[in-house]
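Have a look at the structure below before the remarks.
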Amino acid sequence: MNTRLTPHTVFLLTLPPILWAGNAIAGRLVHEMVPPILLNLLRWSLAFAILLPLAGPVFRRDSELWRHWRRFALLGLLGVGLYNALQYLALQSSTPINVTLVAAGMPVWMILTGWLFFGVGVTRRQVVGAVLSIAGVLLVLARGDVAHLLALRLVAGDLFMILATIAWSLYSWLLTRTHEPAGLRADWAGFLLAQVGFGVLWSGLFAAGEWTLSDATVHWNWTLAAVLAYVAIGPAVVAFRCWGEGVRRAGPAIAAFFSNLTPLFAALLSSAFLGELPHLYHGIAFLLIVGGIIVSSRRPS
């Protein structure tokens, strides 16, 4: 694992937050059209259909996948079955600003997860970087006014988002622990399809529970169809491909700081859709988040 940030690695870790910011906006557009956990199932079922022609042989009887099926079942549970399902569920009782605020703790959870479960030490640079990065996110969420943060109230959805963040931290660290054969790891489509295949099974199980325990209904229309196409291609296939490669190059602790670009991009995209110009605090927040990335990724002299 190389902790040096090259331009290619920066691109790989920056594109997912842009796509995930679009995912948040898309999710808000259809939150009354489809239940949250079913939305996650539909999203990943489409992603599965997209990946299958590219890497279908990964499911053959003689595939190396089956010797490591427990690992892929766990990756599918954490990254596909749980993370976005919990995020969509959180938005049912919490506000987008609260959910984003809770997710801003990603660098902290990533550092703690590495320390507790993977024996990775914590450096002073990482702590300083985490403080700078989270300060940038708080500035975006506060919209330049501390009163907005003071007015926040935690609800049940915020707990769901904490669980989602922990699940994503574990998922990212597991990506760096290479236990499968090099051939399977080198085939990005097969590696992702193996996770998505198990993830769809988990998502289907969770969606069945949601459908049984609630009066969920789906309101089909062209808006929902367009959103499903976007979240399946962009935030799912493309973002997961880039994030997985970026995490392997830079490491989960540094990659976590890039995830804090998501609320900034979400604010900018929202501004674009609403016809509003970015504010000064967006620029300051960007500098703080990037500063956190630079500080955390610098090697000791």
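The values are calculated or read from the model by the stated rules, or taken from the named source; none is laboratory data. These numbers come from a predicted model, not from an experiment. Glycine also receives a Cβ, built like all others from the backbone with ideal geometry; neighbour counts cover every protein chain displayed.
Points to keep in mind about this one:
- Counting residues in region 100-115 that are under 20 Å from Val237 (Cα atoms) and touching a residue at least 40 places away in the same chain (Cβ under 8 Å) gives zero.
- Considered as a group, the residues in region 236-285 that are in a loop (DSSP other than H, G, I, E, B) and farther than 26 Å from Arg124 by Cβ include one that is modelled with the highest pLDDT, and that residue is His279.
- Test: residue in region 211-220 that is under 30 Å from Gly121 (Cα atoms), among the aliphatic types (A, V, I, L, M), in a helix (DSSP H, G or I) and over 21 Å from the mean Cα position of the chain (by Cα): no
- Beta carbons closer than 7 Å, at least 6 apart along the sequence or on distinct chains, pair a first residue in region 260-285 that is of a type outside the set (Ser, Thr, Tyr) with a second that is outside any helix (DSSP H, G or I) and modelled with pLDDT under 75 for Asn260/Ala104; Pro263/Ala104; Leu268/Pro278; His279/Gly144.
Conditions tested, residue by residue: (1) surrounded by fewer than 23 Cβ atoms within 10 Å (Cβ to Cβ); (2) free of Cβ contacts under 8 Å to residues at least 24 places away in the same chain; (3) among the β-branched types (Val, Ile, Thr); (4) closer than 19 Å to Ser259 by Cβ.
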| site | (1), (2), (3), (4) |
| --- | --- |
| Leu15 | yes, no, no, yes |
| Ile18 | yes, no, yes, yes |
| Ala21 | yes, no, no, yes |
| Glu32 | yes, no, no, no |
| Asn40 | no, no, no, yes |
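- Which listed residue, of Gln92, Gln126, is polar (S, T, N, Q) and over 19 Å from Leu175 (Cβ atoms): Gln92
- One residue stands out in region 107-134 among those that are buried (at least 17 other Cβ atoms within 10 Å of the Cβ) and among the small types (Gly, Ala, Ser): the one that is farthest from Ala267 (Cα to Cα), namely Gly114.
- Across region 46-61, not a single residue is classified as crowded, with 24+ Cβ neighbours inside 10 Å, aromatic (Phe, Trp, Tyr) and closer than 17 Å to Pro235 by Cα.
- Scanning region 195-249 for residues that are hydroxyl-bearing (Ser, Thr, Tyr) and surrounded by fewer than 14 Cβ atoms within 10 Å (Cβ to Cβ) turns up Thr212, Ser214, Thr217, Thr223.
- Qualifying residue in region 183-206 (condition: in contact with a Phe, Trp or Tyr (Cβ under 8 Å, 6 or more places away or on another chain), among the hydrophobic types (A, V, I, L, M, F, W, C), farther than 25 Å from Gln126 by Cβ and modelled with pLDDT under 75): yes
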